[in-house]
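Reviewing the structure listed below.
Coordinate-derived values only; no laboratory data. What you see is a predicted model; the values in this text were computed from it and never measured. Here the Cβ positions follow ideal geometry from the backbone for every residue, glycine too, while neighbour counts run over all protein chains shown.
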Amino acid sequence: MPVVLDGMSRAALYALVIWTPVASGAYRGFPLAIATLLAVVGLAAALGGMLAARRLEWRRTPLDVPVTLLIALVLVQLGIGNGPLARWALAPPPATPELAAPLPVPFVTVGTVEPAQTRESLLLFLLYVAAYYLVVHLVRTRRQVTRLVRTLLVLGGLLSFLGLLDYLTGRAWLLAWGSNPGGGRLAATFANPDHFAAYLAMLICLGSGWLASRERRGRRAGSRSAVFTDREAREETVRRALPLVALVTMAVALVFTLSRGGVLAGAVGLLTLLALLGGLGYARRSLVLTGALLVAVVGYGSWIGFGPLLARLSQSPAGALDRWGQYAASVPMLRDFPLLGVGLGAYRAIYFRYQPLAYAPHEVYYPYAHNDLLQFTIETGALGAVLGGFLLWRLGVDLVGAHLFGRGACPVDGGAGPAARRHDPLSVGLAIGALGGAAAMLVHSALDFAVRIPANGILAAVLLGLATVALHTRLVAGREQPLTTVLARPLVGRAWLPAGALALGAAVLLAAWATSAVRGALAQSLLDELGRGSSAAHADLVVSVDRSSLAARMSGAAARQAEALAIWQGRGASMAPDARRRIADGLLTEARKGLREALALAPTNPLVHHQLAWLEAVAAVVDGRTGVAGLGPALAHAARAIALAPDNPRLYASLARLSMREIPSLGLRASREAVRRGPALLPELVDLWRGVGLRDAEWLALVPETAADRLDLALRLEDRRLAAP
């Protein structure tokens, strides 16, 4: 039984690393749920195997402490929650309507602005952690290490080969199940060419390090002359050369992703690899390998054509400037949430407030900062940045300092000084290749959000796991031995009691994780169908599956509001007015409840506030409420929406529509701010106010006090035969 369960967990690991890149990166829906289920099966089988063997084991790694602290930090974020922001979002309307409601920023009492998104991001992080520990605990022998590396290289080479064929033919027929983003860039099965480029950059570094170790071992095994005289030697040479073919294919595919960040990441990863090999005195042979790889890439690239890549590299730097502008706009989040950050994964829930006008907040939505290092710091605050630096420091001290160069002590009792240094070519080459791949991912993370795609995050975790195994295990065939402390507890006598409790708790947590993944995938599938035709019943079904779905709550509220308005306007003409009002009130009450629940989940979402503002306006009409008091809830939520997206011109225009009859002064101020941010809105605002009968001074208040704006207003008024200012 232990052997069967051990094999099952190892099979789940292989299925995980193969499935995620094949399934478009497994970044959402059922592909992500399947990846989670594979990780759950792997962990459950590994734990079951230890129980069946009557022995619990834990192999210490340099990431144990920092990963535990990071998980604890996110749990603290979830424990604190978003209470102050939720109370602000759901507070009664103020006595005096405002243009933009003041937003409290209680940075100490807010752990995450959107707990549901933080929980989702924590589960994704745990998926990466599971992949790392599955490698550390299941890949223990030289043969197992080699098999996993070969699997990764074959997979990368195959995806690259098929992707190149699709790219050259101009159609996705070999990889028809992929997302096929188009745009003349190679993406293979991935939804984004840049993410595929990051995946390839990591594998190229891993393969280069592994080939360097094989070349050194090949030199020791026999002479070159045997290749010409011995058939077995020739076959062995061919087998050794096959991985180089996969590397060349991946390198060519990397070029034709046209990803500047991917090419840069690959180059930095290879330079890191060469620097480490050079420090160990191995760089001379590795330079030959790298040179052969570059020659092959240049040769194939010249045959296929480097034109698209050169054209992309020669493009104007506007895209890079846009990224820097987004970074600059995001940094103030650290000022407002310095200690704990905005919550892991919650960048998308608060960036509305910081998105500048130049980035079209009324048209474009930015869920990512396009810089994972910056985004991680923003989402976890100063504490998260310190823990992230601690994680990198532990990796450097242990794997690089202690085991590659023999400097310092291994933090997990793997030796100190020269005694800790590894000399086995396989261990050294594989570890350096894996660390080079991790460096490539780190560089790419400074330019994009590839690590948030499960295929890339899992591969990065697997590379770190391989580096840990290679440097913490004596990989002598048939005599493998761990070099670090292995915490073991035989399960005899009363030891079964805590072990049973541990197993039961782990089973409950794994079952909850699997259930959450399946429910999330089902909700996403239902939500996709909801987008093609919304109804309140369908939206309620999505909410019953996933209670944190904002889109479903907003869609259900919109459907109920539309139905209430239709009934009130006479769709049920045979009914008495009181009956129509009663039915409409019931529908609006249900819609209001759904939107207020959405605000409790995501109090910093201006779109929910905006929708609730108009729902309250409709409710005021149905109930016959007039005056400032009658429109108070609508105006309050409109002002809160503006506070959360202060550079969105359409929100100001919306407030102008809501307040123009009851509070014209507020409506004119809102119109002026709308025109200041969106001059294209002036015609519709002029049409909006023309029926009110404004005086000349009031028309002037409609636009900012600039000559260009006043001239534009004069032309609009003249076209409509209204009084000109």
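Working ranking of peptides 430-440, 142-152 by packing, defined as the average number of other Cβ atoms within 10 Å per residue, highest first, is 430-440, 142-152. Sequence-distant contacts, meaning Cα pairs under 8 Å at least 6 residues apart, place the relative contact order of the chain at 19 percent. Helical runs assigned H by DSSP (4 residues or longer) give the chain a calculated mean residue ellipticity at 222 nm of -22500 deg cm²/dmol, each run adding -39500 (n - 2.57) before division by the residue total. With contacts taken as Cα pairs under 8 Å and at least 6 residues apart, segment 534-627 reaches a relative contact order of 28 percent.
Would you mind putting 383-392, 503-512 in packing order, based on average other-beta-carbon counts within 10 Å, highest first?
Working: 383-392: 16.1, 503-512: 12.9.
Descending packing order for the listed peptides: 383-392, 503-512.
Taking 0.36 nm per residue of separation and subtracting the current Cα-Cα distance, fully stretching the chain between Arg87 and Thr151 would add 17.8 nm. Each of Ile642, Pro454, Met50 was scored by the projection of its Cα onto the charge dipole of the chain, and the greatest displacement toward the positive side belongs to Met50; charges sit on the C-beta of Lys, Arg, Asp and Glu. Packing order of peptides 41-49, 465-473, highest average first: 465-473, 41-49 (average count of other Cβ atoms within 10 Å over each peptide's residues).
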